[in-house]
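Engineer: Would you mind keeping the following structure in view while I ask a few things?
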Protein chains: 2
Amino acid sequence: MSTDRLSMTLQALADPTRRAILARLATGEATVNELAEPFDMSLPAVSRHLKVLERAGLVEQGRTAQFRPRKFRPEPLRDLAGWLENYRRFWDESFDRLDAYLKELQKGEKHGSDPKDR
Amino acid sequence: MSTDRLSMTLQALADPTRRAILARLATGEATVNELAEPFDMSLPAVSRHLKVLERAGLVEQGRTAQFRPRKFRPEPLRDLAGWLENYRRFWDESFDRLDAYLKELQKGEKHGSDPKDR
DNA sequence: GAGTTAATTAACATACCGGTTAAATAAATC
DNA sequence: GATTTATTTAACCGGTATGTTAATTAACTC
């Protein structure tokens, strides 16, 4: 397997079980047992899927007592989205205007969004 | 390997050689020999990479004399981008405003963009 | 400290991936 | 029709992925 960041991310996501785990984690932290519950699969198998997601930087391991709660890390997805942008013009008809809008955002708001907006 | 569309797409993209091939094809059609040229790899190896990309629907095979020119198909990337959108809010600070803008686009322009714009 | 709960590691099996070289197929050219 | 050019298929190989069950580690609980 290729070991560059993007390849690892794509590889990690190329499995429905792992995408399901990620979707679950996007709703909040969870333990391995909780994550394994929906799947017809042994615990070690899930544990290994998690290791793949961790290697890709999509999941982070915490530690509380005998629990190792997992947490979702979106950064690799941001990078993947960035790579995908190179191809958006091939399918997105309104890409030109979207692109213009994004450039506008970037120009006028280098400081980021107002915290009270969230 | 998982055989659902999204998994196949991600699997296909999870290899730097295949991403390079795709990048090349995004600039226009090319034969297998042309595609293989930049790589330190046998022709059959490239041929098989192409088959993976084709299975994912990212590449289409043409036929002219003894040549089988390959063509880029962006649709699976559009779908992947769609999937990624579910997670954008996790990393994009300006997602709220972008989302608003996209909704605006969708509302006001159901007919698509003006052809003369392209 | 014995037992329970949470999770990983070890050992193993099967299948797939990505590369190789050699042979086969397909169409053009001499 | 023999040769050249383009490409795929076949046969093979080593490494890795994904699953299993059994054993181990780690921390809490009684």
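The values are calculated or read from the model by the stated rules, or taken from the named source; none is laboratory data. Everything quoted here is computed from the prediction, not taken from an experiment. Note that we place each Cβ from the backbone using ideal geometry, even for glycine, and neighbour counts take in every protein chain shown. Please note that ligands, DNA and RNA were not included when accessible areas were found on the heavy atoms of the full protein model with its side chains. Shrake-Rupley method; radii C 1.70, N 1.55, O 1.52, S 1.80 Å.
Engineer: For the B and A pair, go ahead and give the buried accessible area with a 1.4 Å probe, both sides summed, in Å² to 100.
Structural biologist: 3500
Engineer: How would you classify chain A from its alpha-carbon gyration tensor, with a ≥ b ≥ c the square roots of the eigenvalues: rounded for a/c under 1.5, else prolate if a/b is greater than b/c, otherwise oblate?
Structural biologist: prolate
Engineer: Okay, moving on. Residues with beta-carbon under 14 Å from that of B:Glu60, excluding B:Glu60: net charge, scoring Lys, Arg +1 and Asp, Glu -1?
Structural biologist: +4
Engineer: Helix-derived [θ] at 222 nm for the protein assembly as shown: sum -39500 (n - 2.57) over DSSP H runs of at least 4, divide by residue count, nearest 500?
Structural biologist: -16500 deg cm²/dmol
Engineer: Run the simple label-point estimate for A:Asn86 and A:Arg48 please: 7 Å along Cα→C-beta, distance reported in nm.
Structural biologist: Here the answer is 3.2 nm between the modelled labels.
Engineer: First select every other residue whose beta carbon is under 14 angstrom from the beta carbon of B:Ala36; then total the charges, Lys and Arg +1, Asp and Glu -1.
Structural biologist: Taking every Cβ under 14 Å from that of B:Ala36, the sum is +3.
Engineer: Here's something else I'd like to know. Would you look at the GNM of chain A, springs on alpha carbons closer than 10 Å, and say which of A:Asp15, A:Asp96, A:Asp79 moves the most?
Structural biologist: Of A:Asp15, A:Asp96, A:Asp79, the most mobile in the Gaussian network model is A:Asp96.
Engineer: Would you look at the GNM of chain B, springs on alpha carbons closer than 10 Å, and say which of B:Leu102, B:Leu84, B:Leu43 moves the most?
Structural biologist: B:Leu102
Engineer: Which whole-number percent is the relative contact order of chain B (Cα, under 8 Å, 6+ apart)?
Structural biologist: Over chain B, the number comes to 24 percent.
Engineer: Measuring with a 1.4 Å probe in the full set of protein chains, what accessible area per residue, in whole Å², belongs to chain A?
Structural biologist: 59
Engineer: Lysine pairs in the protein assembly as shown 8 or more apart or on different chains: how many have alpha carbons under 28 angstrom apart?
Structural biologist: 18
Engineer: Which residues does the label zone of A:Met1 cover in region A:25-50, counting backbone N under 17 Å from a point 7 Å along Cα→Cβ?
Structural biologist: Of the residues in region A:25-50, A:44-50 have backbone N under 17 Å from the label point off A:Met1.
Engineer: Summarise the accessible area of chain B (1.4 Å probe, protein heavy atoms) by the percent that is carbon and sulfur.
Structural biologist: 49
Engineer: Are there trypsin sites (Lys or Arg not before Pro) in region A:1-104 that DSSP puts in a loop and that have at most 16 other Cβ atoms within 10 Å, and which ones?
Structural biologist: A:Arg63, A:Arg89
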